[in-house]
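The values are calculated or read from the model by the stated rules, or taken from the named source; none is laboratory data. Just so we're clear, the structure is a prediction, and the values are computed from it rather than from any experiment. Note that each Cβ is placed from the backbone with ideal geometry, even for glycine, and that neighbours are counted across all protein chains shown. For the accessible areas, the whole protein counts, side chains as well, though only heavy atoms, and no ligand, DNA or RNA atoms are used. Shrake-Rupley method; radii C 1.70, N 1.55, O 1.52, S 1.80 Å.
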Amino acid sequence: MSNIPAPPADPAELFLHRRTPLQRVHGILHAYPALSPTFVLVIAAMAFAYLNPRFYAPANLSLIAQQVAVVGALAVGQTIIIMTAGIDLSVGAITVLTAMVMAASAANYGVPGPASLAIGLVVGTLAGGVNGVLVTRLRLPPFIVTLGTLNVFLALTLLYSSGQAIQGPDIPAILLWTGQDIAVGSFRITTGVLLMLALYVVFTYLLRNTAWGRHVYAVGDDAEASRLAGIPVTRTLLSVYLVAGFIYALGAWILIGRVGAASPNAASDANLDTITAVVIGGTSLFGGRGIIIGSLLGALIVGVFRNGLALAGVDVLFQTLVVGVLVIVAVAIDQWIRRVRA
Amino acid sequence: MTASGQPSPVIDATGLIKTFGSVVGLDGTDFDLYPGEVLGVIGDNGAGKSTLIKCLSGAMVPDAGEIRIDGMPVHFRRIQDARAAGIETVYQSLAIVPALDIATNLYLGRELRRSGFLGRVLRMLDHKAMQRGAKAQLQQLGIGTIQSITQTVETLSGGQRQAVAVARAAAFGSKVIILDEPTAALGVRESAQVLRLIRDLRDRGLPVILISHNMPHVFEVADRIHIQRLGRRAAGITPASHTPSEAVAIMTGAVAVGGAA
């Protein structure tokens, strides 16, 4: 016997190989996880444009992009952590910590602008590293680790900044650079939006085309199999938390530019907003599955719903309600897709 | 083939000891594997089969004893050390990542990068070369029925997954291939295919270590059988010299045998 016969031999196998249209949809969604969030985004945009034509005005679309920039950037870090079957509840805390470190270093301690930016990036990376060390060395669940560091980092933020917000005039120009407008036709894009998009380009490449990226998926899907296959699991996990911390610091930079100030109370919603974006974007909370661009789509979907519902004159509370429903629907779809054996 | 011609062993080990707290996994076991043979390793639960194999494959470090490859002492600290020495292991769990495709799984942990700037600076993977290599490897082992090399492993049957894991070992194992319970989860037809793969590997000159609970399978493909009992090698037999029930008797201690084949 040289090969298993190609056509299934017995009726039972024939039955297994028969595919209904629904199973075909399953298979396609399984193979292309970005499809369902893209579909939702397109439908939502069309529906909101129908409800209020002003939705499509360049000024409004530019506004959505700017509103999404911070969460979109932070979601990159959250996504790679969730891909390793982890979760990061300290996103907001690290973002605020680094934003305050950047601004306060310059405003209160006289550090030059570029240096304070660099200090912020280092602090963000180290904060992510603290999470990573606790997860990999002490083998604590990421949920618990980041729940703890969430509070630690927030406390450090308040200690370092004395709880005082730092206003625009005291912040060096380089930290506000991310808020700068760039006119593209009648659209007004900020450098912060471009920086966020650049993060997606870079991490799409890294995850798809480098060994590190493949290892992130492998470790998230099956850590023990990855170890036996020769992947340095601990090093991969640690690198993910370090990189995520660096991304959060970039997100903090975008935040300062967007708000034009640095406040210790900003970004308090970042934890849930990033997890929402990641989940709506089709990345599995169980790890190993998903694509980074899905998180951008997820962030955009939330942004479009909030904006579109507001334009349609719907109460703010209903916007929040809709976002909640979206999350549940997205996870339900994810569970459904995961069951598929294409 | 037996060791009667006295070629030197590919791997041999003497006095391996491994304890886990008060539990003794290996109690001074010896081991040898000769060129071009399929060596069956059998033993009751807790006899130390898995521990022995883990020591040989670098997944565990023995407390005492010596492992030699081609007569040279080696000290494996990690799986990567054993791999560098040409020893590849197919674990019972297969060590395959379901969500990744076949080609990616085959090259997991030793991915091929593009040449030049793309590979060296941008660390870009050479997906095409890996897919070509994976395809060639699967065909070489007579596993041509997989529809696409880019399909995820979770879409494969148990036998196909096993084949992918064996193909990975065969692609990189230059010295020895270790198979841990390769037929345990398979049906009759798929088991037969895996046994055929084992013979193919031997015919290509690679010695194979086959750990299995399945006596008929071991007696079907093994040239020699290492019987592990209570952390030691109880006997070395051949399918010609002993019947399966005699092997079971040695395994369980019903019959005491001195020395090794």
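Phi-derived couplings, Karplus 6.51 cos²θ - 1.76 cosθ + 1.60 at θ = phi - 60°, listed residue by residue for segment B:29-43: 7, 10, 7, 8, 9, 9, x, x, 10, 9, 9, x, 10, 10, x Hz, with x used for Gly and Pro. Among the trypsin sites (Lys or Arg not before Pro) found in segment B:138-240, those both in a DSSP coil and sparsely packed, with 16 or fewer other Cβ atoms within 10 Å of their Cβ, are B:R204.
How much accessible area is lost when chains A and B come together, counting both sides, with a 1.4 Å probe, in Å² rounded to the nearest 100? Walk me through the numbers before you get to the answer.
Values: alone 16640 and 12020 Å², together 26040 Å².
That pair of chains buries around 2600 Å² in total.
This model, with +1 at the C-beta of Lys and Arg and -1 at the C-beta of Asp and Glu, gives chain A a dipole about its Cα centre of some 560 debye.
Taken over chain B, the convex hull of the Cα atoms encloses 140 Å³ per residue. Springs between Cα atoms under 10 Å define the GNM used for chain B, and in it the highest mean-square fluctuation of B:V97, B:V218, B:V188 occurs at B:V188.
Each Lys and Arg adds +1 at its Cβ and each Asp and Glu adds -1 at its Cβ; summed about the Cα centre, chain B shows a dipole of about 960 debye.
For chain A, the solvent-accessible area works out to 45 Å² per residue, with a probe of 1.4 Å and every protein chain left in place.
What are the residues of segment A:222-268 that lose 50 Å² or more of accessible area, with a 1.4 Å probe, going from their chain alone to all protein chains? Residues shielded by partner chains are A:L228, A:A229, A:G230.
Compared with the direct C-alpha span, the chain from A:N151 to A:A59 gains 29.3 nm at full extension, assuming 0.36 nm per residue. What the phi angles of segment A:220-229 give under the Karplus curve with 6.51, -1.76 and 1.60, with θ = phi - 60°, is a coupling list of x, 7, 7, 5, 5, 4, 4, 5, 5, 7 Hz, glycine and proline written as x. Counting only protein heavy atoms and using a 1.4 Å probe, the accessible area of B:H75 comes to about 140 Å².
Provide the FRET efficiency to the nearest 0.05 for the B:Q147-B:S8 pair, computing r from the beta carbons and using R0 = 41 Å.
Working: r = 44 Å, r/R0 = 1.08.
With a Förster radius of 41 Å, E is 0.40.
Placing a pseudo-label 7 Å from each Cα along the Cα-to-Cβ vector at B:D70 and A:Q180 gives an inter-label distance of 6.2 nm.
Karplus-derived 3J(HN,Hα) values for segment B:210-222, using 6.51 cos²θ - 1.76 cosθ + 1.60 with θ = phi - 60°, are 10, 9, 7, 8, 8, 4, x, 5, 4, 5, 6, 10, 6 Hz; glycine and proline are entered as x.
Taking a ≥ b ≥ c as the square roots of the Cα gyration tensor eigenvalues, with a/c under 1.5 meaning rounded and otherwise prolate when a/b beats b/c, else oblate, which class fits the protein assembly as shown? Walk me through the numbers on the way to the answer.
Numbers: a/c = 2.87, a/b = 1.94, b/c = 1.48.
Verdict is prolate for the protein assembly as shown.
Near the amide H of B:V38, within less than 5 Å, lie the amide hydrogens of B:V208, B:D223, B:R224, all on another chain or at least 5 residues away, with H placed in the peptide plane.
Remark on B:D126: its backbone amide H falls under 5 Å from those of B:L112, B:R113, B:R114, a criterion applied only to residues 5 or more positions apart or on other chains, H modelled at 1.01 Å from N. Just checking the listed ones, A:L156, A:L22, A:L238: in the Gaussian network model of chain A with Cα springs under 10 Å, the one fluctuating most is A:L22. Classify segment A:34-339: rounded, prolate or oblate, from the alpha-carbon gyration tensor (a ≥ b ≥ c, eigenvalue square roots; a/c under 1.5 rounded; otherwise prolate if a/b is larger than b/c)? Oblate, because a/c is 1.5 or more while a/b does not exceed b/c. The angle between the Cα long axis of helix A:21-31 and the longest principal axis of the Cα atoms of chain A comes to about 50 degrees, rounded to the nearest 10. Considering only beta bridges that DSSP places wholly inside the protein assembly as shown, some 60 percent are antiparallel. Within the listed set B:V24, B:V121, B:V194, the Gaussian network model of chain B (springs between alpha-carbon atoms below 10 Å) gives the highest mean-square fluctuation for B:V121. For B:A234, nonlocal amide neighbours, meaning residues 5 or more places apart or on other chains whose placed amide H falls under 5 Å from its own, are B:I227, B:Q228, B:R229.
Which whole-number percentage describes the relative contact order of chain A, with Cα contacts under 8 Å and a sequence gap of 6 or more?
Details: 560 pairs, mean separation 108.9, N = 342.
About 32 percent, as a whole number.
Ignoring lysines fewer than eight residues from B:K54 along the same chain, the ones with Cα atoms less than 30 angstrom from its Cα are B:K18, B:K135, B:K175.
How large a share of the accessible area of the protein assembly as shown, in percent, is made up of carbon and sulfur atoms when the probe is 1.4 Å and the other protein chains stay in place? The partial results should precede the final answer.
On the way: 16270 of 26040 Å².
The C+S portion of the solvent-accessible surface of the protein assembly as shown is 62 percent.
For B:V23 and B:A185, what does the FRET efficiency come to when R0 = 30 Å and r is the distance between their Cβ atoms, rounded to the nearest 0.05? Write down the numbers at each step before the final one.
Details: r = 26 Å, r/R0 = 0.88.
My answer for the efficiency is 0.70.
Over chain B, DSSP H runs of length four or greater, each weighted -39,500 (n - 2.57), average out per residue to a 222 nm ellipticity of -9500 deg cm²/dmol. Ligands, DNA and RNA are left out, and with a 1.4 angstrom probe the accessible area of chain B is 41 Å² per residue. In terms of accessible area, using a 1.4 Å probe and ignoring ligands and nucleic acids, B:S157, B:S22 rank largest first as B:S22, B:S157. Computed from the C-beta positions of B:V121 and A:L140, the FRET efficiency with R₀ = 41 Å rounds to 0.65.
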